[in-house]
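J.: Take a look at the following structure, please.
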């Protein structure tokens, strides 16, 4: 855990916006490169890739009070997406 001051936190959040997503909504579309980082205020996000045969493979669950995002263009032969899960 990294400790940040209130000033640092406010500076970071000054460029942020609040978005609300519905359950099962895809927040990062397949075959696109996400340019956002999400902070999970409430709920769970499932991060998965689909292989060349269309099978989905979960690679991460982002929980409340965690950041999730993608900084890489390449996921091998698969496609990447993030889905809001019911809580």
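The values are calculated or read from the model by the stated rules, or taken from the named source; none is laboratory data. These numbers were taken from a predicted model, which means no experiment stands behind them. Counting neighbours? That spans all protein chains shown, and the Cβs are built from the backbone with ideal geometry, glycine included.
J.: Looking only at residues that are at negative phi and at pLDDT below 80 in segment 16-36, which one is surrounded by the most Cβ atoms within 10 Å (Cβ to Cβ)?
T.: 28
J.: I'm trying to understand the selection: among the residues of segment 36-64, which are part of a loop (DSSP other than H, G, I, E, B) and closer than 18 Å to residue 13 by Cβ?
T.: Answer for segment 36-64, where residues must be part of a loop (DSSP other than H, G, I, E, B) and closer than 18 Å to residue 13 by Cβ: 36, 40, 41, 42, 64.
J.: Determine which single condition residue 57 fails, assuming it passes every other condition in (1) modelled with pLDDT under 80; (2) loosely packed, with under 14 Cβ neighbours inside 10 Å; (3) on the phi < 0 side of the Ramachandran plot; (4) touching a strand residue (DSSP E or B) at 6+ places or on another chain (Cβ under 9 Å).
T.: For residue 57, the exception is condition (1).
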